[in-house]
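Participant: Questions regarding the structure given below will be posed in turn.
The values are calculated or read from the model by the stated rules, or taken from the named source; none is laboratory data. Please read these numbers as outputs of a predicted model, since none were measured by experiment. Note: ideal-geometry Cβ built from the backbone for every residue, glycine included; neighbour counts use all protein chains shown.
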Amino acid sequence: MTVLLNVPMADPVRAGKPGASTSSDAYLPAHGNGGYRVAHYDLNLDYRVGPGRLDGRARITAVAEHALSRFSLDLAGLRVNRVTVNGKAVRYAQRGRKLHVSPQRAVPAGDEFAVDIRYSGSPTPIRSNWGELGWDYLDDGVLVASQPIGAPSWFPCNDHPSDKATYRIAVTTAAAYQVVVTGALESRRSSASTTTWVYRLPQPTSSYLVSVQIGRYLSLDLAGVMHATVPARLLTPFDHDFGRQGMMLAEFSRLFGPYPFDRYGVVVVDADLDAPVEAQSLSVFGANHVDGERGSEHLVAHELAHQWFGNSLTVAQWRHIWLNEGFATYAEWLWSAASGGDPTDTHARRAWRTVAAAPQDLRLADPGATRLFDDRVYLRGALTLHALRRRLGDAAFFTLLVEWASTHRHGLVTTEQFTALAQRHAPSPLTEFFTSWLFDTALPPL
């Protein structure tokens, strides 16, 4: 049986057999599970920074797509102590990165059910082709970077981007630390030695886009919907490097449509990072991205653009990753042009030369699991958009982007959906254009 999970017929997410412990995503089939959709996660986390000990309780509200005599969740490296379904203790087993649950009675198709899981341990990142992902340790705090498969390192979940849910997350830790979680801060309660931070994320969110950051930081309210959490020693260069973020938000809102969330937060962790970390309504940068010279402003633009393309609009399957990274990279070029830097044509010519010099063996619309974050996905994705802009003209192209972002707001997207919408804005057929840019390996002329 095919489960659509709000995905168009052209690109179904196949859950396989009832209760299957795979998502049947061609790239990462071991992540994600069949037979149900999660509606809401309620997480209560108690974390001790010194020993790195996490005690958690997850209450997961889901809807059965099939009659479920069993189902599974993704969870790695943490020990489950108790599981209930609809308030009744059930049998469960942990094998590898899966938690297998067997309710006392099968959950009927279409019924909502609640799973309570108590678990504990010292979280460790998940090893992958892209390094160690998930809950990781700073010298004095925590960094969570989950894209694409790190979320199970700290909470039980259905770890596939197509299963978007709402969240409430409460984190209790020592009072000396700031805690930042994706979503809006709902409350903060302090005792003699600890503080409990409660965040709520009401927009549908994929598990890999949920994040927790813990550290000795200062919290700043910035203009409009923006806020920041920064080490005290970096306040002055941060003010300069991120000082144009409000202008950036206004420009992207003009080009892409209204900002899709209630708040936007930036965390600068007190450590160097290879690349910023994307999360829903939150971006995380390393101390090395703050140099007082706006040396990483293109990354500030990139991560902000992901709030439209990647977070609000989320890929239905991982093969569509260019819809995240190509769009965010093109946003870097757009901001450069708008802020007095190089125009988009200059960026495009430079990127074309870089991609042309690389092996011509990548198919942008289906790059393969090991190439999800290949530089060519970013650059060729941006080049595709620039070539499309030249083909359509500015008026039609930016009307297309606004319609794309608004039509699929907080939903799932595919390459086929984008090409179909683009065709409606074009005066002539785009079939050959998209075939050459998205599906052929040879780089077309710009």
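Participant: Given the criteria among the aliphatic types (A, V, I, L, M) and under 30 Å from Ser128 (Cβ atoms), does Ala387 qualify? Walk me through it before giving the result.
Facilitator: Working: among the aliphatic types (A, V, I, L, M): yes; under 30 Å from Ser128 (Cβ atoms): no.
So Ala387 fails the test.
Participant: Just wondering, is there one or more residues in segment 295-303 that are in the same structural domain as His410 (by TED's automatic domain parsing) and more than 27 Å from Asp159 (Cα to Cα)?
Facilitator: To start, the set of residues in segment 295-303 that are in the same structural domain as His410 (by TED's automatic domain parsing) comprises none.
Checked segment 295-303: no residue is in the same structural domain as His410 (by TED's automatic domain parsing) and more than 27 Å from Asp159 (Cα to Cα).
Participant: If you don't mind, there's one more thing I want to ask. Of everything in segment 346-378, what is of a type in the set (A, V, I, L, M) and within 27 Å of the chain's Cα centre (by Cα)? Give them in sequence order.
Facilitator: So in segment 346-378, the residues of a type in the set (A, V, I, L, M) come out as 348, 351, 355-358, 362, 364-365, 369, 372, 377.
Scanning segment 346-378 gives Ala348, Ala351, Val355, Leu362, Leu364, Ala365, Ala369, Leu372, Val377.
Participant: Another question, if that's okay. Looking at segment 41-56, which of the residues that are surrounded by fewer than 22 Cβ atoms within 10 Å (Cβ to Cβ) and small (Gly, Ala, Ser) is nearest to Leu75 (Cα to Cα)?
Facilitator: Gly52
Participant: How many residues are in contact with a His (Cβ under 6 Å, 6 or more places away or on another chain) and surrounded by 24 or more Cβ atoms within 10 Å (Cβ to Cβ) if we restrict to segment 196-212?
Facilitator: To start, the set of residues in segment 196-212 that are in contact with a His (Cβ under 6 Å, 6 or more places away or on another chain) comprises 203-204.
The next check asks that each one be surrounded by 24 or more Cβ atoms within 10 Å (Cβ to Cβ); those that pass are none.
So the count comes out to 0.
Participant: A further question follows. For Asn81, work out the one condition from (1) in a loop (DSSP other than H, G, I, E, B); (2) touching a Lys or Arg at 6+ places or on another chain (Cβ under 6 Å) it doesn't fulfil.
Facilitator: All conditions pass for Asn81, except number (1).
Participant: Quick check on segment 162-184. Is at least one of its residues farther than 14 Å from Leu201 by Cβ, touching a Pro at 6+ places or on another chain (Cβ under 8 Å) and either modelled with pLDDT of 95 or more or not β-branched (Val, Ile, Thr) (or both)? Break it down into steps so the answer makes sense when it comes.
Facilitator: The first filter runs over segment 162-184 and keeps only residues farther than 14 Å from Leu201 by Cβ, leaving 162-163, 172-179.
This time we only want the ones that are touching a Pro at 6+ places or on another chain (Cβ under 8 Å), so: none.
The answer is no, given that none of the residues of segment 162-184 is farther than 14 Å from Leu201 by Cβ, touching a Pro at 6+ places or on another chain (Cβ under 8 Å) and either modelled with pLDDT of 95 or more or not β-branched (Val, Ile, Thr) (or both).
Participant: Shifting gears a bit: Could you give every pair whose Cβ atoms fall below 7 Å, whose first residue belongs to segment 419-446 and is touching a residue at least 40 places away in the same chain (Cβ under 8 Å), and whose second residue is among the acidic types (Asp, Glu) and exposed (fewer than 15 other Cβ atoms within 10 Å of the Cβ), counting only separations of at least 6 or pairs across chains?
Facilitator: Partner pairs satisfying both residue conditions: Thr441/Asp361.
Participant: Give the residues of segment 414-446 that are over 19 Å from Phe309 (Cβ atoms) and not in a helix (DSSP H, G or I), sorted by residue number.
Facilitator: Across segment 414-446, the qualifying residues are Ala426, Pro427, Ser428, Pro429, Leu430, Asp440, Thr441, Ala442, Leu443, Pro444, Pro445, Leu446.
Participant: Follow-up. In contact (Cβ under 8 Å) with a residue 60 or more places away in the chain, assigned to a helix (DSSP H, G or I) and among the hydrophobic types (A, V, I, L, M, F, W, C): which single residue out of Val377, Val402 fits that description?
Facilitator: Details: Val377 fails: in contact (Cβ under 8 Å) with a residue 60 or more places away in the chain.
Going through Val377, Val402 in turn, just one is in contact (Cβ under 8 Å) with a residue 60 or more places away in the chain, assigned to a helix (DSSP H, G or I) and among the hydrophobic types (A, V, I, L, M, F, W, C): Val402.
Participant: Ok, one more. Can you report the number of residues in segment 62-78 which are in a strand (DSSP E or B) and under 20 Å from Ile126 (Cα atoms)? Step through it out loud before you land on a result.
Facilitator: Within segment 62-78, the subset in a strand (DSSP E or B) is 62-64, 68, 71-74.
Adding the requirement that they be under 20 Å from Ile126 (Cα atoms) leaves 72-74.
Final tally of qualifying residues: 3.
Participant: Return the only residue of Thr399, Thr370 being surrounded by fewer than 23 Cβ atoms within 10 Å (Cβ to Cβ) and over 25 Å from Glu251 (Cα atoms).
Facilitator: On the way: Thr399 fails: over 25 Å from Glu251 (Cα atoms).
None of the others qualify; the one that does is Thr370.
Participant: Kindly evaluate Thr61 against the criterion of being within 25 Å of Val198 (Cβ to Cβ), in contact (Cβ under 8 Å) with a residue 12 or more places away in the chain and touching a His at 6+ places or on another chain (Cβ under 7 Å). Walk me through how you get there before you give the answer.
Facilitator: Details: within 25 Å of Val198 (Cβ to Cβ): yes; in contact (Cβ under 8 Å) with a residue 12 or more places away in the chain: yes; touching a His at 6+ places or on another chain (Cβ under 7 Å): yes.
For Thr61, the condition - within 25 Å of Val198 (Cβ to Cβ), in contact (Cβ under 8 Å) with a residue 12 or more places away in the chain and touching a His at 6+ places or on another chain (Cβ under 7 Å) - is met.
Participant: Next up: For segment 143-190, name all the residues that are farther than 18 Å from Gln280 by Cβ and in contact (Cβ under 8 Å) with a residue 12 or more places away in the chain. Write out each step before concluding.
Facilitator: Kept after step one, since they are farther than 18 Å from Gln280 by Cβ, are these residues of segment 143-190: 156, 172-178, 187-190.
Listed by number, the residues that qualify are Pro156, Thr172, Thr173, Ala174, Ala175, Ala176, Tyr177, Gln178, Ser190.
Participant: Is it the case, given these coordinates, that Thr22 is over 21 Å from His160 (Cα atoms) and either in a strand (DSSP E or B) or modelled with pLDDT under 95 (or both)? Lay out the reasoning, then the answer.
Facilitator: Values: over 21 Å from His160 (Cα atoms): no; either in a strand (DSSP E or B) or modelled with pLDDT under 95 (or both): yes.
Considered against the rule, which asks whether it is over 21 Å from His160 (Cα atoms) and either in a strand (DSSP E or B) or modelled with pLDDT under 95 (or both), Thr22 comes out as no.
Participant: One residue is enough: does segment 326-337 have a residue meeting the conditions in a helix (DSSP H, G or I), charged (D, E, K, R) and modelled with pLDDT of 95 or more?
Facilitator: In the first step, residues of segment 326-337 are kept if they are in a helix (DSSP H, G or I); the result is 326-337.
Right, trim to charged (D, E, K, R) and you get 332.
Keeping just the survivors that are modelled with pLDDT of 95 or more gives 332.
Scanning segment 326-337, I find at least one residue that is in a helix (DSSP H, G or I), charged (D, E, K, R) and modelled with pLDDT of 95 or more, so the answer is yes.
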